[in-house]
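A.B. asks: Questions regarding the structure given below will be posed in turn.
The values are calculated or read from the model by the stated rules, or taken from the named source; none is laboratory data. As the structure is a computational prediction, the values presented were derived from the model and not from experiment. Cβ sites come from the backbone with ideal geometry, for glycine too, and all protein chains shown count toward neighbours. These area figures cover heavy atoms from the full protein model, side chains too; ligands, DNA and RNA do not enter into them. Shrake-Rupley method; radii C 1.70, N 1.55, O 1.52, S 1.80 Å.
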Amino acid sequence: MFRCKIVTYVVALLLTIHTAFAAEADVLDLTDSDFSTRVGETETTLVMFYAPWCGHCKKLKPEYAKAAELLRGEDPAIALAKIDCTEDGKETCNKFSVSGYPTLKVFKNGEVSQEYNGPRDATGIAKYMKSIVGPASKDLLTLDAFEAFLKVQETSVVGYFEKESDLKGVFLKYADSQRERLRFGHSSAKDVLEKQGENNAIYLIRAKQLANKFEPDFVKFEGKTKDELSTFVKENFHGLCGVRSRETINDFKNPLVVVYYAVDYVKNPKGTNYWRNRVLKVAKEFVGRVNFAVSAKDDFQHELNEYGYDYVGDKPLVLARDAKNQKFIMKEEFSVDNLQAFATDLEEGALEPYVKSEPIPESNDAPVKIAVGKNFEDVVTNNGVDTLIEFYAPWCGHCKKLTPVYEELATKLKDEEVAIVKMDATANDVPPTYDVRGFPTLFWLPKNGKNSPKRYEGGREVDDFIKYIAQHATDELKGWDRKGNEKKKDEL
């Protein structure tokens, strides 16, 4: 028994290693001596300039290899290559001004065509590269070509045109503008047009694996202009319940209910649709009012963490955001009835928002006040005084440097009608009105304008802060004039 387990483990390990090496073999390994020759052999080549010690490079390499595997056999051909900038590729990397790793560039016929700024996952890389090769829309010349085109597991925009027309022009212009995001095909073949019963029409055809009984597999475009076509695709692309990935995350707008589980249309399409069909049954009741999506739990662990979850079990987890971007958790076990009730309460504003928060400090008497998720309203929004707040991260070097300055500022202003506040933005939810993208980020809030915080862009020394606050304070400070000059004792 024990020996069988060892054999099984070894076989699985060998298969994994074989798969990894097989995919890696699809990536051209270049050096200074053969770079120009081999990049010129294929019309379109994506090159990754890397360093072996680079963490981001190590993370990208398996995705890159998988993308190369996905692109194998493409017509026209697309090659993926890599070159080590620390060994036999130094000269080439210098030639192309590579200063960071990984750097990716697209080459056409051996010459640099563009910087690669597309996705960094295997599917995204492959899709992006296919989009920049050949025409924006594939001309489907036969019925066999048309049927083969629709077998691919991607939602597509398809045009049927017996002859040249204004609608065909709109279709081709839209395809060209969206070639990196969407998949397009068109046909003028007689047997295709006869089978579809169309001779001048555009359809959105959903991927076959997404077929369900709650919505049609395709939708016909009834407009005339490019803008109308753009709106049509946006509104219909994901249907009642889209598969929300890291690549399509911005397609889904609030209010949004997301159901997280093991979404995988490659390894387990039946199991994926088992849960998605239950979500669809609810979603059809909220069309135009609440949006729904499913997401692979492993791809969105960072989102789960934002709601306090480290993992998702066998049953789906349901999380949501309302139009104000407040967060909500369905605490009941997943079922159609529970999801229906949760979405109804979300729409009616009857749910209690989830707020990620550290514990409220037992004492908050120090000059610098501490804000956390649960006391933000009291310490910042409703404190009745002008407020300067710093959003920081414990690991941030600039934040650590600012700490003594901030504390000295708060001490100097302790008798003023001004609150000096800080908040750990990594451990607490930052309200949506504060656009915090780096650390430290500071905002100034006059006491009568708390709904319109103003980003502080001034200097980071005590005098800089005092001059700013003296100028912008609702009421003149007791100890400083409007120019930030300290008042004499007889002026106080």
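A.B. asks: Restricting the search to the range 404-442, which residues are open to solvent by 10 Å² or more (accessible area, probe 1.4 Å), within 30 Å of TYR307 (Cβ to Cβ) and over 26 Å from the mean Cα position of the chain (by Cα)?
C.D. replies: Matches in the range 404-442: ALA419, LYS422.
A.B. asks: Specify the residue that is nearest to the chain's Cα centre (by Cα); the eligible residues are those in the range 274-287 that are within 13 Å of GLY239 (Cβ to Cβ) and not hydrophobic (A, V, I, L, M, F, W, C).
C.D. replies: So, considering only residues that are within 13 Å of GLY239 (Cβ to Cβ) and not hydrophobic (A, V, I, L, M, F, W, C), the one nearest to the chain's Cα centre (by Cα) is ARG276.
A.B. asks: Output the number of residues of the range 167-185 satisfying the condition of being open to solvent by 20 Å² or more (accessible area, probe 1.4 Å), touching a strand residue (DSSP E or B) at 6+ places or on another chain (Cβ under 9 Å) and not in a loop (DSSP other than H, G, I, E, B).
C.D. replies: 6
A.B. asks: Of everything in the range 69-83, what is open to solvent by 10 Å² or more (accessible area, probe 1.4 Å) and within 20 Å of ASN117 (Cβ to Cβ)? Give them in sequence order.
C.D. replies: LEU70, ILE78, ALA79, LYS82 - these are the residues of the range 69-83 that are open to solvent by 10 Å² or more (accessible area, probe 1.4 Å) and within 20 Å of ASN117 (Cβ to Cβ).
A.B. asks: How many residues does the range 241-257 hold that are open to solvent by 30 Å² or more (accessible area, probe 1.4 Å) and either under 16 Å from LEU210 (Cα atoms) or among the charged types (D, E, K, R) (or both)?
C.D. replies: Number of matching residues: 6.
A.B. asks: Moving on to the next point. Inside the range 198-227, can you point out the residues that are over 30 Å from LYS270 (Cβ atoms), assigned to a loop (DSSP other than H, G, I, E, B) and open to solvent by 60 Å² or more (accessible area, probe 1.4 Å)?
C.D. replies: Listed by number, the residues that qualify are ASN199, GLU222, LYS224, THR225.
A.B. asks: Let me ask something additional. If I ask for residues that are in contact with a strand residue (DSSP E or B) (Cβ under 7 Å, 6 or more places away or on another chain), under 29 Å from PHE171 (Cα atoms) and open to solvent by less than 80 Å² (accessible area, probe 1.4 Å), which ones from the range 92-129 would you list?
C.D. replies: VAL106, PHE107, LYS108, SER113, GLN114, TYR116, MET129
A.B. asks: Looking only at the range 265-292, count how many residues are open to solvent by 70 Å² or more (accessible area, probe 1.4 Å) and in a loop (DSSP other than H, G, I, E, B).
C.D. replies: Of the residues in that region, 8 qualify.
A.B. asks: For the range 90-145, which residues satisfy the criterion of being within 22 Å of LEU70 (Cα to Cα), in a helix (DSSP H, G or I) and of a type in the set (S, T, N, Q)?
C.D. replies: THR123, SER131
A.B. asks: Specify the residue that is farthest from GLU303 (Cα to Cα); the eligible residues are those in the range 317-336 that are part of a loop (DSSP other than H, G, I, E, B) and over 21 Å from the mean Cα position of the chain (by Cα).
C.D. replies: Only one residue tops the list, namely SER335.
A.B. asks: With (1) closer than 19 Å to ASN383 by Cβ; (2) open to solvent by 20 Å² or more (accessible area, probe 1.4 Å) as the list, and LYS483 as the residue in question, which single condition is left unmet?
C.D. replies: For LYS483, the exception is condition (1).
A.B. asks: OK, next. On the given criteria, is GLU461 open to solvent by 90 Å² or more (accessible area, probe 1.4 Å) and in contact (Cβ under 8 Å) with a residue 24 or more places away in the chain?
C.D. replies: Considered against the rule, which asks whether it is open to solvent by 90 Å² or more (accessible area, probe 1.4 Å) and in contact (Cβ under 8 Å) with a residue 24 or more places away in the chain, GLU461 comes out as yes.
A.B. asks: Just to be sure before I move on: is LEU388 part of a loop (DSSP other than H, G, I, E, B), in contact (Cβ under 8 Å) with a residue 40 or more places away in the chain, open to solvent by less than 20 Å² (accessible area, probe 1.4 Å) and aliphatic (A, V, I, L, M) in the structure I sent?
C.D. replies: No, not satisfied.
A.B. asks: Which one of the conditions (1) surrounded by fewer than 18 Cβ atoms within 10 Å (Cβ to Cβ); (2) at pLDDT below 50 does GLU41 fail to meet, given that it meets all the rest?
C.D. replies: (2)
A.B. asks: Let me ask something else about it. Has the range 183-199 got any residue that is without any contact (Cβ under 8 Å) to a residue 24 or more places away in the chain and in contact with a Phe, Trp or Tyr (Cβ under 8 Å, 6 or more places away or on another chain)?
C.D. replies: No, because not a single residue in the range 183-199 is without any contact (Cβ under 8 Å) to a residue 24 or more places away in the chain and in contact with a Phe, Trp or Tyr (Cβ under 8 Å, 6 or more places away or on another chain).
A.B. asks: When you go through (1) in contact with an Asp or Glu (Cβ under 9 Å, 6 or more places away or on another chain); (2) within 24 Å of GLU154 (Cα to Cα); (3) in contact (Cβ under 8 Å) with a residue 24 or more places away in the chain one by one for ASN254, which number turns out not to apply?
C.D. replies: Just one mismatch for ASN254, condition (2).
A.B. asks: Quick check on my filter: what residues within the range 135-148 are surrounded by 16 or more Cβ atoms within 10 Å (Cβ to Cβ) and closer than 22 Å to SER230 by Cβ?
C.D. replies: Result: ALA136, SER137, LYS138.
A.B. asks: Same structure again: Determine whether GLN301 is surrounded by fewer than 17 Cβ atoms within 10 Å (Cβ to Cβ), at pLDDT 95 or above, among the polar types (S, T, N, Q) and in a helix (DSSP H, G or I).
C.D. replies: No, not satisfied.
A.B. asks: Still on this model: Exactly one condition in (1) part of a loop (DSSP other than H, G, I, E, B); (2) in contact with a helix residue (DSSP H, G or I) (Cβ under 6 Å, 6 or more places away or on another chain) is not met by LYS253; state its number.
C.D. replies: Single failed check for LYS253: (2).
A.B. asks: Failed condition for ASP365, given (1) buried (at least 18 other Cβ atoms within 10 Å of the Cβ); (2) out of contact with any strand residue (DSSP E or B) (no Cβ under 7 Å at 6 or more places or on another chain), with all others met?
C.D. replies: Only one criterion in (1) buried (at least 18 other Cβ atoms within 10 Å of the Cβ); (2) out of contact with any strand residue (DSSP E or B) (no Cβ under 7 Å at 6 or more places or on another chain) is unmet by ASP365, namely (1).
A.B. asks: Scan the range 432-452 residue by residue and report those that are without any contact (Cβ under 8 Å) to a residue 60 or more places away in the chain and in a loop (DSSP other than H, G, I, E, B).
C.D. replies: THR433, TYR434, ASP435, VAL436, ARG437, GLY438, PHE439, PRO440, ASN448, GLY449, ASN451, SER452, listed by residue number.
A.B. asks: Which pairs have Cβ atoms under 9 Å, sit 6 or more apart or on different chains, and link a residue in the range 57-79 that is basic (Lys, Arg) to one that is part of a helix (DSSP H, G or I)?
C.D. replies: LYS61/GLU24; LYS66/ALA23; LYS66/ALA122; LYS66/THR123; LYS66/ILE125; LYS66/ALA126
A.B. asks: Checking VAL257 against (1) at negative phi; (2) over 25 Å from the mean Cα position of the chain (by Cα), only one condition comes out false. Which one?
C.D. replies: (2)
A.B. asks: Hey, any hits in the range 49-67 for a residue that's surrounded by 19 or more Cβ atoms within 10 Å (Cβ to Cβ) and out of contact with any strand residue (DSSP E or B) (no Cβ under 9 Å at 6 or more places or on another chain)?
C.D. replies: yes
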